[in-house]
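Q: I'd like to ask some things about the structure below.
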Amino acid sequence: MRRCYIDGELVRIAPSWNIVKKINALTTANFIVIDLLHLDNIDNGDSIELFNGDIKIFSGIVLNHEKYEDYHGILSYSIQAVDNSKLADKRLIAKVYENQTAGNIARGIIAEKLAEEGVTEGIIQDGPVVKKAVFNYIKCTEALDYLKTITGYSWNIDKDKKLNFFERSTYKAPFMLSDDIKHHNFRQKSTMDKYRNTQYVRGGRGKTAMQEGEKPTPKPDGHSRNFIVRFPLAERPIIELKIGGGAWTQVNPNDIGVNGLDNNKKWYFSYGSNIITQDDSEAALDAANGDDIRITYTGLRNLFVKLDDSVEIDKRKLAEPGTSGIYEDIAREVDINDSSQLIQYTQGLIETYAQIQDIVTFNTYVDGLEAGQLLRVKKPLFDIDDDFLIESISIRPDGPNLVQYSVTALDGAAVGGWEEFFKKLLKGNREFVIAENEVVILLQSQSENEGYRGSTNIKTFEALYPTENLYPDENLYPGTLTSEVAIDD
């Protein structure tokens, strides 16, 4: 028996529902709920669950809805829902983690924010140590995505509201697809849709080599207090001054502050800016008097990588006479701020897509498959015995009792197998850092109860009126009564 619950209340749904799961994306579900006259309402953010018998097919929250009246007197709702990973989008996190495993940081995000949304700990693998992670009022989704980007691990919040953080090579389907598993309409397709043999990648801003003794502009003129270096600053600079033609002297690091955060410093800088500012309380430098300034610093520069697969290019030249054989693609990954990591990422793209890819599709009634899982496929008729990465799953009803899963999976042969490919993404013994140059400022609102005690004299004036059957003389009027009341607060 198929059942759907919204905020724990059983509702009736039309048989046209569908669910779509895609790798690296939220699962989406579309329902039409009918005969809601007995319910108060449906609101965005309500929990929604769908069962087929005892199997929970979907669990998530209502993203948006539309009311309509298809038949007179019957209220219907068209609902789009997303899976529980959306819960991580609700909350912002402001926290600094130092020398923690990526798994411990994921646990910390649960404890800090997501536990209040009903999220508990699922399968969380420790992963590599992150030297420093600065989450400066960003969504928990972004924080977890940062961990995914730098470590090669993945995460989700499953149907039971459990947050999982795991190495992708360990995320395997619960069964092998073979002729022993009921399935139908199996197809194998070769495609060049995503093929490329020349890959460009724009990264974020990576650190330069140390820039030693750079003379900033403008030259000291007795007026300017802002000095500009070639690259935006990645770290606190070393400032050296020559006063009156004397020897170079280094400014005390304690006299160099972060602009907008520190006060009473002699010099200021900002991370990501190439301007260094002298405080107004200091005498302006003047080259005419023999003054000079030089800066030693680590800067930031935009990362850009190009990588060719010459073997594949030559293959395409032979296959396509009269052409260059070049297939180019460009990607942008602004979260990668390390040149070696960007090169590894670019190599990963080439390894993945510089081969004509095999895609398999099939339908099954067997539950348990998820996007992102590694599915072993053994089909002798197609000469297939390999791991495939499940890219997407479409779920829809098939009659009153059956649920059909339409699966699309990608061949990993081009990268020597998906399991090995994912292991390469783990980056070995690299040092992992997230936004180390940011400063988290936590603001707290405070309230105080104050009590007052004292005596106040309040004068009250009360008019006197005669009784109903007693009237004054035409020339006589009542006066006023004055009294004093002491109030003790």
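Q: Any idea how many residues of the stretch 295-351 are hydrophobic (A, V, I, L, M, F, W, C), touching a residue at least 24 places away in the same chain (Cβ under 8 Å) and open to solvent by 30 Å² or more (accessible area, probe 1.4 Å)? Steps first, answer last, please.
A: Our first condition is that a residue be hydrophobic (A, V, I, L, M, F, W, C); within the stretch 295-351, this holds for 295, 300, 303-305, 307, 311, 313, 318-319, 326, 330-331, 334, 336, 342-343, 349-350.
With the extra rule that they be touching a residue at least 24 places away in the same chain (Cβ under 8 Å), the set shrinks to 295, 300, 303-305, 307, 313, 326, 330-331, 334, 336, 342-343, 349-350.
Still in the running and open to solvent by 30 Å² or more (accessible area, probe 1.4 Å): 304, 307, 326, 330, 334, 343.
Matching residues across the stretch 295-351 total 6.
Q: Could you please find all residues in the stretch 272-290 being more than 15 Å from Asn226 (Cα to Cα) and part of a loop (DSSP other than H, G, I, E, B)?
A: The answer is Gly272, Gly290.
Q: For the stretch 297-307, check the following and say yes or no: at least one residue is within 40 Å of the chain's Cα centre (by Cα), of a type in the set (Ser, Thr, Tyr), at pLDDT 90 or above and more than 30 Å from Gln188 (Cβ to Cβ). I'd like the intermediate steps shown before the answer.
A: Looking only at the stretch 297-307, we keep the residues that are within 40 Å of the chain's Cα centre (by Cα), and these are 297-307.
Filter once more, so that each one left must be of a type in the set (Ser, Thr, Tyr): 297-298.
Next, only the ones that are at pLDDT 90 or above stay: 297-298.
Subsequent filtering for residues that are more than 30 Å from Gln188 (Cβ to Cβ) retains 297-298.
Yes, the stretch 297-307 has at least one match.
Q: Next question. Kindly list the number of the only condition in (1) of a type outside the set (Ser, Thr, Tyr); (2) within 24 Å of Pro232 (Cα to Cα); (3) open to solvent by less than 60 Å² (accessible area, probe 1.4 Å) that fails for Ala287.
A: Exception for Ala287: condition (2).
Q: I've got another one for you. Of all residues being hydrophobic (A, V, I, L, M, F, W, C) and farther than 19 Å from Lys172 by Cα in the stretch 345-376, which is farthest from the chain's Cα centre (by Cα)? Just the residue, please.
A: At the first step, the residues of the stretch 345-376 found to be hydrophobic (A, V, I, L, M, F, W, C) are 349-350, 354, 356, 359-360, 362, 366, 369, 371, 374-375.
From the residues that got through so far, the ones that are farther than 19 Å from Lys172 by Cα too are 349-350, 354, 356.
Numbers: Leu349: 22, Ile350: 26, Ala354: 29, Ile356: 32 Å.
Looking at the filtered set, the residue picked out is Ile356.
Q: Would you mind telling me which numbered condition in (1) closer than 16 Å to Phe186 by Cβ; (2) assigned to a helix (DSSP H, G or I) Ser340 fails?
A: Every condition holds for Ser340 apart from (1).
Q: Collect the residues in the stretch 179-221 that are part of a loop (DSSP other than H, G, I, E, B) and under 37 Å from the mean Cα position of the chain (by Cα), keeping them in residue-number order. I'd like the intermediate steps shown before the answer.
A: Just the residues of the stretch 179-221 that are part of a loop (DSSP other than H, G, I, E, B), to begin with: 179-182, 192-197, 215-216, 218-220.
Passing the criteria: Met192, Asp193, Lys194, Tyr195, Arg196, Asn197.
Q: Among the candidates Lys132, Lys113, single out the residue that is touching a residue at least 24 places away in the same chain (Cβ under 8 Å), surrounded by 18 or more Cβ atoms within 10 Å (Cβ to Cβ) and among the charged types (D, E, K, R). Spell out how you get there, then give the answer.
A: Working: Lys132 fails: surrounded by 18 or more Cβ atoms within 10 Å (Cβ to Cβ).
After applying the criteria, what remains is Lys113.
Q: Can you tell me which of (1) under 14 Å from Phe135 (Cβ atoms); (2) out of contact with any helix residue (DSSP H, G or I) (no Cβ under 7 Å at 6 or more places or on another chain) is the one Lys86 doesn't meet?
A: Evaluating Lys86 over (1) under 14 Å from Phe135 (Cβ atoms); (2) out of contact with any helix residue (DSSP H, G or I) (no Cβ under 7 Å at 6 or more places or on another chain) leaves (1) as the failure.
Q: Are any residues in the stretch 164-179 within 30 Å of Arg332 (Cβ to Cβ) and in contact (Cβ under 8 Å) with a residue 60 or more places away in the chain, and if so, which ones?
A: Residues of the stretch 164-179 within 30 Å of Arg332 (Cβ to Cβ): 164-171.
Within the stretch 164-179, Phe165, Glu167, Arg168, Ser169, Tyr171 qualify.
Q: Among the residues of the stretch 1-24, write down those that are assigned to a loop (DSSP other than H, G, I, E, B) and open to solvent by 60 Å² or more (accessible area, probe 1.4 Å).
A: Hits for the stretch 1-24 are Met1, Asp7, Gly8, Pro15, Ser16, Asn24.
Q: Could you give me the residue pairs with C-beta distances under 7 Å whose first residue belongs to the stretch 61-90 and is more than 18 Å from Gly122 (Cβ to Cβ) and open to solvent by 40 Å² or more (accessible area, probe 1.4 Å), whose second residue is assigned to a loop (DSSP other than H, G, I, E, B) and charged (D, E, K, R) wherever it lies, and which are 6+ apart or on separate chains?
A: Close Cβ pairs satisfying both conditions: Ile74/Asp35.
Q: Would a scan of the stretch 252-270 turn up a residue that is under 28 Å from the mean Cα position of the chain (by Cα), in a strand (DSSP E or B) and among the hydrophobic types (A, V, I, L, M, F, W, C)? Break it down into steps so the answer makes sense when it comes.
A: First, the residues of the stretch 252-270 that are under 28 Å from the mean Cα position of the chain (by Cα): 258-261, 270.
Add one more test, that the residue is in a strand (DSSP E or B), and what stays is 258.
Checking which are among the hydrophobic types (A, V, I, L, M, F, W, C) leaves us with 258.
Yes, the conditions are met somewhere in the stretch 252-270.
Q: With closer than 18 Å to Val360 by Cβ and crowded, with 16+ Cβ neighbours inside 10 Å as the only criterion, which of Gln211, Gln188, Gln199 stands out? Explain how you work it out, then say what you get.
A: Details: Gln211 fails: closer than 18 Å to Val360 by Cβ; Gln199 fails: closer than 18 Å to Val360 by Cβ.
The match here is Gln188.
Q: Can you tell me which residue is least open to solvent (accessible area, probe 1.4 Å) among those in the stretch 138-152 that are outside any helix (DSSP H, G or I) and without any contact (Cβ under 8 Å) to a residue 60 or more places away in the chain?
A: From the stretch 138-152, those outside any helix (DSSP H, G or I) are 138-139, 152; that's our starting set.
Filter once more, so that each one left must be without any contact (Cβ under 8 Å) to a residue 60 or more places away in the chain: 138-139.
On the way: Ile138: 29, Lys139: 80 Å².
Checked the stretch 138-152; the qualifying residue least open to solvent (accessible area, probe 1.4 Å) is Ile138.
Q: On to the next question. Report whether or not Phe269 is at pLDDT 95 or above and in contact with a strand residue (DSSP E or B) (Cβ under 7 Å, 6 or more places away or on another chain). Give the steps one after another, and end with the answer.
A: On the way: at pLDDT 95 or above: no; in contact with a strand residue (DSSP E or B) (Cβ under 7 Å, 6 or more places away or on another chain): yes.
Answer is no for this residue.
Q: Which count do you get for residues in the stretch 356-369 that are surrounded by fewer than 19 Cβ atoms within 10 Å (Cβ to Cβ) and in a loop (DSSP other than H, G, I, E, B)?
A: Here the count works out to 5.
The values are calculated or read from the model by the stated rules, or taken from the named source; none is laboratory data. Here the structure is a predicted model, which is why all the values come from computation and not from measurement. Using ideal geometry, Cβ is built from the backbone for each residue, glycine included, and neighbour counts are taken over all protein chains shown. Side chains included, ligands, DNA and RNA excluded: accessible areas come from the protein's heavy atoms. Shrake-Rupley method; radii C 1.70, N 1.55, O 1.52, S 1.80 Å.
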